[in-house]
Amino acid sequence: MDDLFGSAAQDSDDGDNDDAADSAQSRSGQSRSAQSRSTPPRSPLAVRMRPRTLDEVVGQQHLLGQGSPLRQLAAGADAAGPAGPSSLILWGPPGTGKTTLAHVIARGPGRKFVELSAITSGVKDVRRVMDDALTARDLYKTTTVLFLDEIHRFNKAQQDALLPGVEKGWVVLVAATTENPSFSVVSPLLSRSLLLTLKPLTDADIEGLLVRAVEDPRGLNGNVRLSDEALEHLVRLSGGDARRALTALDAAAGVAFGDADDVGSAGAGDGGTDADGTAGIGGGQQTTVEPVTVELRHTERALDAAAVRYDRAGDQHYDVASAFIKSIRGSDVDAALHYLARMLEAGEDPRFVARRIVISAAEDVGMADPTALQTAVAAAQAVQLIGMPEGRIVLAEAVVHLATAPKSNAAYMGINKAIADVRAGLGNGIPSHLRDAHYPGSKQLGHGVGYKYAHDAPHSVAAQQYPPDDLVGRDYYEPTANGAERDIAVRLERLRKIVRGK
């Protein structure tokens, strides 16, 4: 599931039950260890902190303005205005609130909410929902909201099964996907739905969410404090993913409470005060448990490292590769090496990376450093020869060469301009003296007549017309003043003057 705050299978009353348990914990004089044996298991922090209204949703304010489709849908039967509910496709990275928004919508009055996962459901399940939705509409005047998670996992036939119900208004579809709907959702379904793009949460969004989770009765109920260093570390490792941030906070709080229990056990014999400010047990005198401070060391013990966000079959594949090439083009060798490491650590095929490097050498470095293409091709061949992990060294060398090389896209732009002229119908015919004169009768047609053999001319450059008549004097290749092209530009100017008889 891709919801912002945990499993969809959890009852909406979980938070209320947890409030009572947390309140009891804060008032109890028992040790935390004893309490853990008597208190029923609690749901994860991410589940307990799931928003109940749109006003509690963190981030995505560009989608939550008054009168927005999400507001209208969440209002249910109480929605104002003449507009009816619209089917929605929610597209965004994990942890940005797609499933959370669906569950907030589910609380709207006058709506029947049905949830399916594309991972476990098929056409049969979709058709059953459609039949039930038609019945609910005709008999009970109730609109069915169908939430379909991971819609990109549905094939074309499965997505086509949704079309009749969506088009005829039997259901209001709310579909969630982490992949670009333009590639993963069929066009008819896309045209019948509003596409809403969810953005990764900002650091400020994540920080506010963590602070709220610490203080909220549904969360940690003030039983912990977050040091500034720990808060910064959790925000940094979240990567804009609210679920990951709350899960990390939950784990770090567990480590902090575990340390406090150890300290409490060491000082329990004399009933004194523990190092964390709590009262020791053993002297008969019991006091309220003080908040435990979550330090940076607790977060580091709870989380070894940030998971690499990269989906080789999704947008991250293209986004990271794009940032990689643009960093090389922009001569930022450090950023280029970062994106190279990010792809390789995520398990990207090194041959794909090598191909991109070869393309960059030709497109972005070009004739400003002709040896860059040689390095890139050699790197691609070497990666296939030696494989990984040693292949990373070869790729890194090629990336450093390209990123630090002078840049020119003159050859790339030159072929693009030539292709544009060809597609525009320019370039009529071929000068007769350049045509093939080797077959019988060609001379009678004038082929080859007047051709000047270049090697017979001074400097092996002969003055004669080479392009078609309508392209005489057209310049496609315009060298820059960067790197080797500085010298090429001077030579090219002399060549054009000689060839064109100027």
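Some values worked out for this structure:
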item	result
Full-extension gain in nm, Glu56 to Ile430, via 0.36 nm per residue minus C-alpha separation	127.6 nm
Cα-based Rg and Dmax for segment 420-470, where Dmax is the largest Cα-Cα distance (Å)	13.3, 36
Full-extension gain in nm, Thr135 to Leu471, via 0.36 nm per residue minus C-alpha separation	114.0 nm
Segment 392-459, relative contact order [Cα under 8 Å, separation at least 6], %	19 percent
Cα-based reach from Lys199 at 17 Å (exclusive), listing lysines while leaving out same-chain residues under 8 positions away	Lys98
Coil-residue chymotrypsin sites (Phe, Trp or Tyr not before Pro) of segment 421-502, DSSP, other Cβ within 10 Å capped at 14	Tyr453
Sparsely packed GluC sites (Glu not before Pro) within segment 321-400, loop by DSSP, other Cβ within 10 Å at most 14	Glu390
Distance violations [Cα-Cα > 19 Å] among Lys141/Lys168; Lys112/Lys156; Lys417/Lys497; Lys112/Lys141	Lys112/Lys156; Lys417/Lys497
For Val224, residues with placed amide H under 5 Å, excluding near neighbours	Val292
Rounded Å value of the spacing that divides the Cα centres of segment 89-158 and segment 437-502	67 Å
FRET E, pair Glu232, Ser331, Förster distance 25 Å, beta-carbon r, rounded to 0.05	0.20
Förster radius 22 Å - calculated FRET efficiency between Arg128 and Leu195 (Cβ-Cβ, nearest 0.05)	0.25
For Phe147, residues with placed amide H under 5 Å, excluding near neighbours	Val114, Glu115, Leu116, Val174
Note, ³J(HN,Hα) from phi for segment 62-67, Karplus 6.51, -1.76, 1.60, rounded to Hz, x at Gly and Pro	5, 10, 10, x, 4, x
Reachable lysines from Lys407, criterion Cα separation under 17 angstrom, eight or more residues apart if same chain	Lys326
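Each value in this text was obtained by applying a stated rule to the coordinates, not by laboratory testing. All values derive from a computational prediction rather than experimental measurement. With ideal geometry, Cβ positions are generated from the backbone for all residues, glycine too; neighbour counts draw on all protein chains shown.
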